[in-house]
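Student: Can you keep this structure in mind? I'll have questions shortly.
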């Protein structure tokens, strides 16, 4: 569904992406990882058609993203931002119904089919029990699930989520991770930007590693998140380990000889 090749982005005269690549297919969960400043969120926004390209190519279902606008783009991908606005005066159900706007024409009113699609999104995201609460009363984990429900209401074949587990506690992180994995298993393409390498290894079919605005590796977690690449990209002595029951752990030499700040340890 998504093919992005040699993506280049310059913002305010500063090159941010220097040649990033990513593909996402339906039923596949792809996790994009990398250090702070690697360009992960910029790649997500460029792929989503939100950030203008300086060079390279992004295609959705074979169509150039630069030629897609408004509803046509929204029907191909749903984008869940890292820091969504939380407007006052809206219930969860109200917010999810707004997600149907890509299917409602100008001056038209939502149909019964639109309302049914919103209810399906509420159910898939597991937010039925607080669907009538105000957005401003929700916890971080609840709000993140609602943002995913808003995306699901678009009924696009790919869901893009930029750091959906940032600032969440362990329980909420696991809950959101399970939801995203289940959506991919149900046939949705999922593009996930994440800092947590153990989380990426646990849920992703494929991990894309970015460094200094470039894609430096893409493949199964066990092949791209080896200790050599962690040392090269993150400048740490670490390893990602997987257990037989699906558990993952990031083991870091916290007090080793290497001091990435430039001082002595």
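Student: Quick test of your reading of the structure: residue 78 fulfils all but one of (1) in a helix (DSSP H, G or I); (2) within 26 Å of residue 165 (Cα to Cα). Name the failing condition by number.
Tutor: (1)
Student: Shifting gears a bit: Can you tell me which residue among 56, 37, 27 is surrounded by fewer than 21 Cβ atoms within 10 Å (Cβ to Cβ), assigned by TED's automatic domain parsing to the domain that holds residue 163 and in a strand (DSSP E or B)?
Tutor: After applying the criteria, what remains is 56.
Student: Residues that are in contact (Cβ under 8 Å) with a residue 40 or more places away in the chain, over 12 Å from the mean Cα position of the chain (by Cα), in the same structural domain as residue 41 (by TED's automatic domain parsing) and crowded, with 18+ Cβ neighbours inside 10 Å: does region 163-171 have at least one? Spell out the reasoning first.
Tutor: First, the residues of region 163-171 that are in contact (Cβ under 8 Å) with a residue 40 or more places away in the chain: 163-164, 166.
Next cut, over 12 Å from the mean Cα position of the chain (by Cα) only: none.
No, every residue in region 163-171 fails to be in contact (Cβ under 8 Å) with a residue 40 or more places away in the chain, over 12 Å from the mean Cα position of the chain (by Cα), in the same structural domain as residue 41 (by TED's automatic domain parsing) and crowded, with 18+ Cβ neighbours inside 10 Å.
Student: Still on this structure, please answer the following. Read through the list (1) crowded, with 17+ Cβ neighbours inside 10 Å; (2) assigned to a helix (DSSP H, G or I), then give the number of the only condition that residue 72 fails.
Tutor: (1)
Student: Are any residues in region 64-107 touching a strand residue (DSSP E or B) at 6+ places or on another chain (Cβ under 7 Å) and under 16 Å from residue 119 (Cβ atoms), and if so, which ones?
Tutor: 91 - this is the single residue of region 64-107 that is touching a strand residue (DSSP E or B) at 6+ places or on another chain (Cβ under 7 Å) and under 16 Å from residue 119 (Cβ atoms).
Student: Just to be sure I understand, how many residues within region 132-144 are within 23 Å of residue 188 (Cα to Cα) and either crowded, with 23+ Cβ neighbours inside 10 Å or in contact (Cβ under 8 Å) with a residue 40 or more places away in the chain (or both)? It would help to see each step written out before you state the result.
Tutor: Of the residues in region 132-144, the ones within 23 Å of residue 188 (Cα to Cα) are 141-144.
This time we only want the ones that are either crowded, with 23+ Cβ neighbours inside 10 Å or in contact (Cβ under 8 Å) with a residue 40 or more places away in the chain (or both), so: 143-144.
Matching residues across region 132-144 total 2.
Student: Restrict the check to region 190-204 and report whether at least one residue is touching a residue at least 60 places away in the same chain (Cβ under 8 Å) and on the phi > 0 side of the Ramachandran plot.
Tutor: no
Student: Quick check on this structure: which one of 85, 109 is exposed (fewer than 15 other Cβ atoms within 10 Å of the Cβ) and either under 25 Å from the mean Cα position of the chain (by Cα) or in a helix (DSSP H, G or I) (or both)? Show your work before the answer.
Tutor: On the way: 109 fails: either under 25 Å from the mean Cα position of the chain (by Cα) or in a helix (DSSP H, G or I) (or both).
After ruling out the rest, the residue left standing is 85.
The values are calculated or read from the model by the stated rules, or taken from the named source; none is laboratory data. Just so it is clear, the model here is predicted, and its values are computed rather than measured. We place every Cβ from the backbone using ideal geometry, glycine too, and count neighbours over all the protein chains shown.
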